[in-house]
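Structure first, then comments.
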Amino acid sequence: MPELPEVETTRRGIAPHVEGREIREVRVRERRLRTPVPEGLENALVGTRIGALGRRAKYLLMPLADDPRSLVWHLGMSGSLRIARLGELPRKHDHIDLVLDDGGVLRYHDPRRFGFVDWLQGGPESDPRLARLGPEPLSEAFDGARLYRLSRGRRLSVKPFLMDNAVVVGVGNIYASEALFLAGIDPRRAAGRISQERYERLAATVREVLAAAIAQGGTTLRDFVSGTGEPGYFAQRLNVYGRDGQPCQRCGAELRLVTLGQRASVYCAACQH
C-alpha cells in the first residue's frame, strides 16, 4: 500500500509536469472507485489550470487556479499517478486521464480500485477526511513530547499507537516497524510505559526513516511506482519489515514475527526492549 513517502514521491515526480498546465480533456474509463468519480467532473475540469500540488498525510491535494475547489486524490492499496504522453495507449486498470495542454497525460492506475479522486471544498481543515488528522511527521509539530503526552495511561502497544493518524499521520506498517527498530523499542511494549526520553529517540527515528524513504523514492511493494513510472528503492534498506526468521543485521539474532493491531510486526528481541 502506498504510504506517506510513496505519496510524497508521487507528488514530487508529477509536479513539474502538471503545475501550471491547463486541463484540455478528462477521460474517465471507470467510475466505480472506493468513492465513485463525481458526476460532471469531466466538464468541470476542462479549461482549468492546475496549481501547486500539496500533500496531507496520504492524500494528494491538487488546487485549481480557476476554481475555488481542489481535487483530492487517494491511492488506496494499489493506485498510482504517473505521466504518460498523448497517444500512449492505456493499460488495463488505467481508470482516469487528465489530458494537459502540452500533450502530457496525468494517468490514474488502480487495479484494486480502493483509491479515489474527489472534490475538496475549501481548505483541508474543512474536509472531514482531513480535519482530524494529527501533525505531519516531518513537521515541527511532531516530537517526542507529543508522543509522551498522548501515550500516558495507554495500554495499547506502541506500534499501533504510533500508526494512529490522530497521533501522527503517515507512519504506516513499514515505517513504524523500521523506526521502532532503530529506536530500540519493542513494538509490543505498552505505549504508556515508555519514557519521554525514549519517545524523543523514536520521533527522531520516524523522521530519519521517512526522510530516507522519500529521498530514495519510496518502498517497492507490489504495484507501487513513482509519478514518473520508476519503482521505489527503499526496500533494499529495510532492517526488519518482511524479514521474519532472518538474522538481525545488527546482532545476528533471529527476527521474530508477532501480530499487533491486526498487522504483522517483525522485531529483534535482542535489540528492542
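The values are calculated or read from the model by the stated rules, or taken from the named source; none is laboratory data. Since this is a predicted model, take the numbers as computed values, not measurements. Here the Cβ is made from the backbone with ideal geometry for all residues, glycine too, and neighbour counts use every protein chain on show.
A quick yes/no check of all residues on (1) in contact with a Lys or Arg (Cβ under 8 Å, 6 or more places away or on another chain); (2) assigned by TED's automatic domain parsing to the domain that holds ALA84:
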{"position": "LEU100", "(1), (2)": "yes, yes"}
{"position": "ARG107", "(1), (2)": "yes, yes"}
{"position": "GLY134", "(1), (2)": "no, no"}
{"position": "PRO137", "(1), (2)": "yes, no"}
| message | I need a count of the residues in the range 51-71 that are of a type in the set (D, E, K, R) and over 30 Å from VAL167 (Cβ atoms). | response | 2
| note | Those residues of the range 65-79 that are under 22 Å from the mean Cα position of the chain (by Cα) and closer than 11 Å to LEU45 by Cα come to a total of 2
| message | Being closer than 19 Å to ILE50 by Cα, in contact (Cβ under 8 Å) with a residue 24 or more places away in the chain and not hydrophobic (A, V, I, L, M, F, W, C) is the filter here; which residues of the range 69-117 pass it? | response | ARG69, SER70, HIS74, SER80, ARG82, ASP97, ASP101, ASP102, GLY104, ARG107, TYR108
| query | Can you tell me which residues in the range 13-27 are crowded, with 16+ Cβ neighbours inside 10 Å and in contact with a helix residue (DSSP H, G or I) (Cβ under 9 Å, 6 or more places away or on another chain)? | reply | ILE23, VAL26
